[in-house]
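The values are calculated or read from the model by the stated rules, or taken from the named source; none is laboratory data. Please read all numbers here as calculations on a predicted model, not as lab measurements. Ideal geometry is used to build each Cβ from the backbone, glycine not excepted, and the neighbour counts take in all protein chains shown.
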Ligand code: SF4
Ligand SMILES: [Zn+2]
């Protein structure tokens with residue numbers, strides 16, 4: 001059976017025009033729409049087979065009920081629990097996660113805190129002039145990728161939405177557009193750019209400042225070379241920006257995670273505001289996981305804040321740097337952790353991992369990963385977007401509903417969390433809180 | 001809806017839709033609806049207090065993409081409203097951009113039981129609905145933005161009103177929306193190129209004018225028995241001298257016959273559109289001119305969009321307007337243009353009584369309410385959070401009811417109020433009956449919700465009741481304000497949700513949406529064009545676009561047949 005309009009649940013592009021062939025309740029083929037990474041996710045493997053609880057150092061398979069009871073027991077007893085991940089699952093699950101965090105007074109945080117968290121902080125400082133990806137597709141005649149390499153990380157981005165896509169005022173595709181890539185090395189994306197600006201590592205802030213100054217007409221204050229870029233090249237970039245009818249900067253973790261962090265993004269946004277005095281100009285973070293934005297959205301409308309929210313006081317306390325997951329772990333404050341649809345084992349600094357090894361850890365995930373190696377309770381989940389449906393937010397805030405294309409016996413994240421929450425409430429009721 | 005019976009006795013009832021003006025009257029409720037009599041009820045003794053139907057807000061921004069972007073980029077606003085969870089309530093945050101839970105609780109505490117989310121970008125409609133589900137207690141609906149859509153612009157240009165009709169039917173259904181929202185017609189499309197449009201300018205590349213858009217949508221809306229008229233945010237919002245454009249817009253639809261017994265055009269947050277002068281220096285109130293127009297014509301209703309002094313978060317689909325505001329203040333600014341449909345801008349703003357402009361703006365909203373003679377033509381709003389947060393409604397009620405309070409306030413504000421506004425010279429004071437009209441009777445009628453049990457307490461109406469902790473004789477403005485901020489009781493569908501100013505239950509609200517029933521052949525023909533737009537220009541597919549049923553777990557459908 002052929003299923004159309006299938007949505008890829010992998011990266012922030014959330015491509016929604018996939019065509020897949022399903023037979024015997026299995027995805028046999030991805031016929032259209034997906035990039036190679038998206039394809040391999042849909043074809044899926046490496047599942048966690050059964051719920052399991054660690055006993056004497058090794059995981060022993062058990063029933064869902066036992067694993068959920070065990071997880072609830074750990075969370076109900078914890079004084080400073082951390083609930084982390086949330087970016088590769090659906091908003092419906094994120095909502096239950098926040099309710100669980102509220103119930104047990106946990107810190108809840110998503111992967112933004114180690115990728116685009118600085119972008120959020122910058123937005124809180126200066127705002128974000130942006131647009132949907134379809135606006136870029138139809139109007140943009142100048143596309144800038146800065147510290148982002150979509151060819152590898154968001155393979156369909158240029159084709160569906162930006163440089164290569166064809167839209168209303170861009171019917172000729174890339175013939176109608178200019179592509180500028182700014183990066184510290186010549187990435188694959190840089191190779192296809194009209195203009196590649198190679199900057200020195202950690203000099204993004206300076207280069208943004210120089211461009212800002214030029215856009216605002218202060219050519220005299222810009223030296224002959226800034227961050228490894230000649231003034232001539234900067235002037236040429238500014239000329240392209242001013243001449244564009246509609247410009248967009250997409251920035252990636254090359255900017256958020258390099259020296260300057262959120263200050264880089266503030267400056268990038270200020271550059272956009274400066275460009276906006278000449279022409280229409282927008283800017284957008286290249287969000288990584290397919291629903292990293294969705295968690296930030298749900299967390300914001302429910303708690304008032306997008307991530308790193310401490311609910312131990314009963315109301316939301318937000319102070320990234322104090323309340324983000326890595327801070328909590330490095331301070332060895334947290335005494336139990338739940339990881340959902342993420343792999344801190346691979347992404348967190350070593351110091352935090354050492355602390356995690358000492359405290360009870362619960363993992364909810366369809367797939368095994370390095371975190372499984374030290375998790376005390378492992379709960380397998382249905383794969384969102386293949387085995388279960390739900391809402392996600394694309395990198396440009398557009399909500400799209402993931403489709404379910406095959407059946408499964410595994411429970412969706414949402415249901416697992418609801419059961420844990422129910423069990424936690426039962427325990428607390430018994431204890432009279 | 002609560003099962004069982006409830007009797008509210010000894011209340012002094014203000015139920016304008018049924019002409020009940022301060023009568024001592026019992027209210028009987030069974031299984032969530034108002035009934036003639038009850039047998040074994042739970043009894044609430046209102047003890048001579050003021051009783052009204054649950055409030056109905058006609059225009060407020062409480063859910064969706066821009067509201068959430070407002071929350072996200074203003075953690076400092078979040079901190080202004082932190083409250084810990086209780087046994088009944090979830091955590092709360094925010095003042096001008098409260099979280100979803102606080103939104104439900106705070107409205108309910110003011111005696112409101114229905115709120116219209118006033119701007120839903122169709123492409124992001126799922127977001128609006130996701131948030132609405134998280135707003136407790138309140139019944140709700142949302143107005144999709146339909147005026148800058150390329151489909152609309154194309155049909156306006158070609159003059160195909162029938163196909164435009166088919167399109168608005170489709171998009172209202174696809175978004176589970178309630179009616180036709182218009183925000184800076186043409187101007188928001190122009191903003192995608194960094195430009196704006198006045199009423200008779202040509203929209204870049206589309207060869208239509210805002211005036212043509214308003215007129216065409218006005219005609220198309222009346223092809224159905226829509227509960228609500230077109231709901232219009234006119235061009236040039238916030239510009240000195242815009243009152244002429246505002247009235248010219250009203251005039252565009254004057255000849256159109258409404259398909260139901262209601263206005264043809266609801267003009268929203270009219271305060272922002274009643275400006276005289278040529279610049280901020282000679283800026284003055286033209287509320288008198290606008291009120292005069294409304295007094296002389298029957299086809300227009302307005303809501304006031306009155307200012308609450310202090311810091312707030314402005315947000316609208318009118319992208320260019322937010323950009324100009326940000327240029328004035330230099331504060332943070334978010335913009336989000338939405339492909340083929342609309343846009344939005346957000347920026348914080350401080351309304352200060354020391355500023356001559358803000359002072360005059362503050363006067364204009366109240367002048368509109370006081371100068372429009374028939375309260376059935378005017379609704380109380382702050383265009384939450386644009387002119388101020390909804391939590392300021394009780395302040396406005398006390399102002400409208402007390403000339404003394406207005407005088408005291410004006411004395412503390414910029415003296416421009418005495419030269420360039422009319423407020424100090426107006427003696428009128430609202431009575432409770434009129435307050436009930438502009439906060440529930442008129443709003444329910446203008447939205448067509450009175451036919452669905454909202455805004456009144458006649459037999460068959462929803463058992464939504466507000467009991468305010470004040471006697472009908474109360475004249476002290478401070479006490480009036482306090483009473484309207486926290487009810488003695490709010491009852492929603494027969495269930496007590498607020499008692500003594502505390503939320504005691506949080507049932508889920510219903511989402512009202514309209515299904516315009518369009519002729520199949522027209523729809524087929526329209527779909528050819530629409531599918532082409534999806535094929536080539538949208539970044540999501542046609543099949544993934546409509547809001548799935550899962551997003552509206554508590555639906556209330558209103559069918560709008562084509563006019564015979
Ligand atoms: S670009 Fe991203 S969303 Fe699109 S198919 Fe590839 S992995 Fe999936
Ligand atoms: Zn509004």
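List of remarks:
- Selection status of residue B:288, touching a helix residue (DSSP H, G or I) at 6+ places or on another chain (Cβ under 8 Å) and either within 14 Å of chain A (Cβ to nearest Cβ) or within 16 Å of ligand 1 (Cβ to nearest atom) (or both): no
- Candidate set: segment A:121-166, residues that are assigned to a helix (DSSP H, G or I) and more than 14 Å from chain B (Cβ to nearest Cβ); chosen: the one nearest to residue A:192 (Cα to Cα): A:151
- Verdict on residue A:314 being away from every other protein chain (no Cβ under 14 Å) and surrounded by fewer than 24 Cβ atoms within 10 Å (Cβ to Cβ): no
- Residue B:275 being more than 18 Å from the chain's Cα centre (by Cα) and crowded, with 21+ Cβ neighbours inside 10 Å: yes
- Scanning segment A:22-42 for residues being more than 22 Å from the chain's Cα centre (by Cα) and within 16 Å of ligand 1 (Cβ to nearest atom) gives a total of 5.
- Test result for residue B:188, within 21 Å of residue B:118 (Cβ to Cβ), within 14 Å of another protein chain (Cβ to nearest Cβ), crowded, with 24+ Cβ neighbours inside 10 Å and away from ligand 2 (no atom under 16 Å from the Cβ): no
- Tally, over segment A:9-36, of residues that are surrounded by 15 or more Cβ atoms within 10 Å (Cβ to Cβ) and within 12 Å of chain B (Cβ to nearest Cβ): 8
- Test for residue A:337: is it at positive phi and touching a strand residue (DSSP E or B) at 6+ places or on another chain (Cβ under 6 Å): no
- Scanning segment B:55-77 for any residue that is in contact (Cβ under 8 Å) with a residue 24 or more places away in the chain and farther than 24 Å from residue B:349 by Cα turns up at least one such residue.
- Those strands (runs of 3 or more DSSP E) of segment A:343-433 in which 3 or more residues are under 22 Å from residue A:112 (Cα atoms) occupy A:361-365, A:390-393, A:399-402.
- Summed over segment A:142-160, the residues that are more than 11 Å from ligand 1 (Cβ to nearest atom) and either modelled with pLDDT under 95 or touching a strand residue (DSSP E or B) at 6+ places or on another chain (Cβ under 6 Å) (or both) give a count of 7.
- Summed over segment B:384-422, the residues that are over 19 Å from residue B:238 (Cα atoms) and assigned to a helix (DSSP H, G or I) give a count of 23.
- The set of residues in segment A:392-418 being more than 29 Å from residue A:150 (Cα to Cα) and within 14 Å of another protein chain (Cβ to nearest Cβ) consists of A:412, A:414.
- Scanning segment B:53-89 for residues that are within 18 Å of residue A:295 (Cα to Cα) and either within 16 Å of ligand 2 (Cβ to nearest atom) or in contact with a helix residue (DSSP H, G or I) (Cβ under 6 Å, 6 or more places away or on another chain) (or both) turns up B:63, B:64, B:65, B:66, B:67, B:68, B:69, B:70, B:71, B:72, B:73, B:75.
- Selected residue [touching a helix residue (DSSP H, G or I) at 6+ places or on another chain (Cβ under 7 Å) and within 15 Å of ligand 2 (Cβ to nearest atom)] from B:347, B:359: B:347
- Residues in segment B:537-551 that are more than 7 Å from every other protein chain (Cβ to nearest Cβ) and either surrounded by 19 or more Cβ atoms within 10 Å (Cβ to Cβ) or without any contact (Cβ under 8 Å) to a residue 40 or more places away in the chain (or both): B:542, B:545, B:547, B:549, B:550, B:551.
- So residue B:313, is it within 15 Å of ligand 2 (Cβ to nearest atom) and within 14 Å of chain A (Cβ to nearest Cβ): yes
- For segment B:143-174, a residue qualifies if it is within 14 Å of chain A (Cβ to nearest Cβ) and under 18 Å from the mean Cα position of the chain (by Cα), and exactly one does: B:145.
- Only one entry of A:89, A:4 meets the criterion of being surrounded by fewer than 21 Cβ atoms within 10 Å (Cβ to Cβ) and either within 20 Å of residue A:388 (Cβ to Cβ) or at pLDDT 95 or above (or both), and that entry is A:4.
- For residue A:172: the one exception among (1) over 25 Å from the mean Cα position of the chain (by Cα); (2) within 14 Å of chain B (Cβ to nearest Cβ); (3) surrounded by 20 or more Cβ atoms within 10 Å (Cβ to Cβ): (3)
- Test: residue A:237 is away from every other protein chain (no Cβ under 14 Å) and without any contact (Cβ under 8 Å) to a residue 24 or more places away in the chain: no
- Complete set of residues in segment A:1-18 that are within 12 Å of ligand 1 (Cβ to nearest atom) and free of Cβ contacts under 8 Å to residues at least 40 places away in the same chain: A:17, A:18
- If the condition is being within 24 Å of residue A:149 (Cβ to Cβ) and in contact with a strand residue (DSSP E or B) (Cβ under 7 Å, 6 or more places away or on another chain), then segment A:266-288 contributes A:268, A:269, A:272, A:275, A:281, A:282, A:283, A:284, A:285, A:286, A:288.
- Hey, residue A:407 modelled with pLDDT of 95 or more and crowded, with 22+ Cβ neighbours inside 10 Å or not: no
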